[in-house]
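Below is one structure; the comments refer to it alone.
The values are calculated or read from the model by the stated rules, or taken from the named source; none is laboratory data. Note that the structure is a prediction, hence the values are computed from the model and not measured. Neighbour counts run over all protein chains shown; Cβ positions are idealised from the backbone, glycine included. Calculation scope for accessible area: heavy atoms of the full protein, side chains included, ligands and nucleic acids excluded. Shrake-Rupley method; radii C 1.70, N 1.55, O 1.52, S 1.80 Å.
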Amino acid sequence: MSAPDAFYITTPIYYVNDVPHIGHAYTTLACDAIARFMRLDGRRVHFLTGTDEHGQKVEKAAREAGMDPKAFTDRVSERFRELVRVMDYSPDDFIRTTEDRHVRAVQALWTRMAENGWIYLGKYAGWYSVRDEAYYAESELVDGRAPTGAPVEWVEEPSYFFRLSAFRDRLLRLYAERPDFVGPATRFNEVVSFVRQGLQDLSISRTTFRWGVPVPGDPDHVIYVWVDALTNYISALGYPDVDGELFRTFWPADVHVIGKDILRFHAVYWPAFLLAADLEPPRRVFAHGWWTNEGQKISKSLGNVIDPHALVRRYGLDQTRYYLLREVPFGQDGDFRHESMVRRINHELANDYGNLVQRVLTMIRRYCDGRVPAPGELAADDEALLARAHGCLDAMRRHMREQALHRALDEVFEVIGEANRYVDAQAPWTLRRRDPKRAATVLWTLAETIRHLAILTRPFMPASSARILDLLAVPAAERDFRALGPGGRTLRPGTALPEPTPVFPRHREEPA
RNA sequence: GGCGGAGUAGCUCAGCGGUAGAGCAGCGGAAUCAUAAUCCGUGGGUCGGGGGUUCGAAUCCCUCCUCCGCUACCA
């Protein structure tokens, strides 16, 4: 059982045969926001991402590139590390399936499952297409050919099998006991109904290629993809050293965030493997949706693949992070639209949030000599606004617990709206002449509210939030969630503030 | 075919037994501290169709229509 203050979150490991695209960027971004949130909330976080580097396709791609597979994966894995830097992700570890620590863990897991009697040697048979390098199910064939039109042949090869069929009832019990094991709920239903209909044993070794982890005691076999890939979640914790610090602290994982295409592997196979090896299943698996591009399905052949680097260049990093997390309820499919991206950047970030900061800080500069004003007695309106700011964290916590990132952001923007209304209602530009002390109190209340907002948006927009906190001269040590609320810190009256400059510029169309 | 989900304002969606809502877009107004940014006002939509339960249904039940997801070893 993991430590109570620990929080372990993972992305899938990404297959290196692919170039990083918006799908990869999105999954890791969501994890990053959650990981940052939990860290600021005082949790001991372990945030893992990495690359999946074994398999026939990689072996072949390396051969075609005239490279040794290891040298090849060293190179392509770097593209995913680069994405980490460009998107400002904050992983605590980056695992590669070609690392010794991983290979050791996979073989140990295999050995344990074998010792427990869950693995047996059998024969894998199916329709194989040499051209596609893939097996097809009988039901997939079209007129005796692969769906791709490629000819297929009946192939049998010796293979080790995992007794997945034996785990049906244990899995169903797991689901029954933990209705939040899979999110969103609709995915949970899919998983349950899949398992309910019965499970077949799983072929978990291959003899048709070499680039993988050898089966312990039978080096003719390579351990097949999913056993290899899924194990990354524990090999990164030092498995098989289950008494080690990392493993004891962080396993079971709090949440595996994945794309909906690999749900079954995570919600069915993975817990079965773990149970087979006497390990605890993860606490939760959350499957998010896919992006379309301007209403169109994204595909290489359509040429409408979205490159995260291009988004960052065009719209800005925090703008991109914000849009991706706010536009779509996390878990659902979403449509990427330039028009709505611009609308959110200009209306929500520039006008609502950025301009709130700018108008308040400008008034403080002009009316209060550029120093944090000293509040007098707080009026009911002031208390009301502060109460909203103070209460925001708890609301966000509730949403973050269930990976409702969009809702967490909604909460922040509710407070931003409230603050803008308060500015208009109080009209400090009028008060400053009639009642300067009252004006100071109003501006202090606003500055405090903005301090809360900036700390609360740190997980989502780290750099911009830091800039706002800089403008408020908030010390680095007072930027986590302990600094929030009635029991937290406050701005110190008299502190000199730097000259404010806009944090979220409006998006202007680049010249044609 | 089976299981699951969805059909509510121009668009995206919330509401899930008690006189139809939010955001965006549109229209009108106020303000002028601010990145011409803000604020206020403004919504006659058969809540997919039909039937039923109920004092009362978008909300429960039945049925039909349409759309989507899952229905095994494609990284």
Please give the charge dipole size of the stretch A:328-406, origin at the Cα centre, charges +1 on K and R Cβ atoms and -1 on D and E Cβ atoms. Round to the nearest 20 debye. 260
Label-to-label distance, nm, for residues given as A:A473 and A:F209 (7 Å Cα→Cβ offset): 6.1
State in Å² the accessible area per residue of the stretch A:44-137; use a 1.4 Å probe, count heavy atoms of protein chains only, and round to the nearest integer. 46
So if R0 is 60 Å, what FRET efficiency would A:T362 and A:Y120 give, r being the distance between their Cβ atoms, rounded to the nearest 0.05? 0.25
At R0 = 51 Å, how high is the FRET efficiency between A:A384 and A:R508 if r is their beta carbon distance? Nearest 0.05 is fine. 0.90
How big is the stretch A:164-241 along each principal axis, measuring the range of its Cα positions in Å and listing the largest first? 40, 29, 19
What size of dipole, in debye to the nearest 20, comes out for the stretch A:338-483 about its Cα centre when the only charges are +1 on Lys and Arg C-beta atoms and -1 on Asp and Glu C-beta atoms? 400
Length gained if A:W154 through A:D435 is fully extended, taking 0.36 nm per residue and subtracting the Cα-Cα distance, is 92.3 nm
So which aspartates and glutamates pass the test for A:K123, namely a Cα distance under 17 Å, with those fewer than 8 places away in the same chain ruled out? A:E138, A:E153, A:E156, A:E157, A:D201, A:D218, A:D220
Cα-based reach from A:K57 at 21 Å (exclusive), listing lysines while leaving out same-chain residues under 8 positions away: A:K70, A:K300
Would you mind putting A:64-70, A:4-10 in packing order, based on average other-beta-carbon counts within 10 Å, highest first? A:4-10, A:64-70
Helical mean residue ellipticity (222 nm; -39500 (n - 2.57) per DSSP H run of 4+; nearest 500) of chain A: -13500 deg cm²/dmol
With a 1.4 Å probe and all protein chains left in place, how much accessible area per residue does the stretch A:439-512 have, in Å²? 41
Of the options A:L199, A:I364, A:F286, report the single residue whose Cα projects farthest towards the positive end of the charge dipole of chain A (beta-carbon charges: Lys, Arg +1; Asp, Glu -1). A:I364
Along the dipole axis of the stretch A:353-437 (charges at Cβ: +1 for Lys and Arg, -1 for Asp and Glu; origin at the Cα centre), the most positive-end residue among A:A379, A:A427, A:I416 is A:A427
Take peptides A:428-438, A:179-189, A:325-335 and line them up by average Cβ neighbours within 10 Å, highest first, as a rough protection proxy. A:325-335, A:179-189, A:428-438
Taking amide H atoms as placed 1.01 Å from N in the peptide plane, list the residues 5 or more away in sequence, or in a different chain, whose amide H sits under 5 Å from that of A:G370. A:R365
Accessible area, probe 1.4 Å, largest first, for residues A:C392, A:C368: A:C368, A:C392
Hey, quick one: spin label on A:R44, modelled 7 Å out along Cα-Cβ, who in the stretch A:240-257 has an amide N within reach, i.e. under 11 Å? A:245-251
How charged is the neighbourhood of A:L311? Take every other residue with its Cβ under 12 Å from the Cβ of A:L311, and add Lys/Arg as +1 and Asp/Glu as -1. +1
Spin-label model distance (nm) - A:D18 vs A:A65, 7 Å beyond Cα toward Cβ: 1.7
Take the Cα atoms of the stretch A:436-490, build their convex hull, and give its volume per residue in Å³. 76
Given contacts defined as C-alpha pairs under 8 Å and at least six residues apart, what's the relative contact order of chain A, whole-number percent? 16
Sparsely packed trypsin sites (Lys or Arg not before Pro) within the stretch A:469-512, loop by DSSP, other Cβ within 10 Å at most 15: A:R506, A:R508
Of every hundred units of 1.4 Å-probe accessible area on chain A, the number belonging to carbon and sulfur atoms, as a percent, is 49
Please list, by residue number, everything in the stretch A:286-303 whose backbone N is under 15 Å from a paramagnetic label point 7 Å out along Cα→Cβ of A:Q332. A:288-292
What FRET efficiency comes out for the pair A:R75/A:D220, r = Cβ-Cβ distance, R0 = 35 Å, nearest 0.05? 0.75
Report the normalised scattering of the stretch A:341-483 as log10 I(q)/I(0) at q = 0.13, 0.16, 0.18 Å⁻¹, calculated by the Debye formula with identical scatterers on the alpha carbons. -0.55, -0.84, -1.05
What ranking, highest mean first, results for peptides A:235-241, A:420-426 when packing means the other Cβ atoms within 10 Å averaged over each residue? A:235-241, A:420-426
Between A:V305, A:N355, A:T249, whose Cα lies farthest towards the positive end of the dipole of the stretch A:243-398 when Lys and Arg beta carbons carry +1 and Asp and Glu beta carbons carry -1, centred on the Cα centre? A:V305
To the nearest 20 Debye, how big is the dipole of chain A about its Cα centre, given +1 on the beta carbon of each Lys and Arg and -1 on that of each Asp and Glu? 1620
Heavy atoms only, probe 1.4 angstrom, no DNA, RNA or ligands counted: give me A:W226, A:W251 ranked by accessible area, highest first. A:W226, A:W251
Work out from phi, with θ = phi - 60° and the Karplus expression 6.51 cos²θ - 1.76 cosθ + 1.60, the ³J(HN,Hα) of each residue of the stretch A:404-418, listed in order in whole Hz, and give x for Gly and Pro. 8, 4, 4, 5, 4, 5, 4, 4, 4, 6, 4, 5, 4, x, 4
How big is the equivalent ellipsoid of chain A along its three axes, where each semi-axis is √(5λ) from the Cα gyration tensor, reported in whole Å from largest to smallest? 50, 24, 20
Can you work out ³J(HN,Hα) from phi for every residue in the stretch A:42-49, in order, using Karplus 6.51 cos²θ - 1.76 cosθ + 1.60 and θ = phi - 60°, giving whole Hz and x for Gly and Pro? x, 7, 7, 9, 10, 10, 10, 9
Roughly how many Å is it from the Cα centre of the stretch A:462-512 to that of the stretch A:42-70, as a whole number? 39
Between the DSSP loop rule and a limit of at most 14 other Cβ atoms within 10 Å, which GluC sites (Glu not before Pro) in the stretch A:345-414 are left? A:E377
Any idea what the alpha-carbon Rg over 2.2 N^0.38 Å comes to for the stretch A:6-289? 1.00
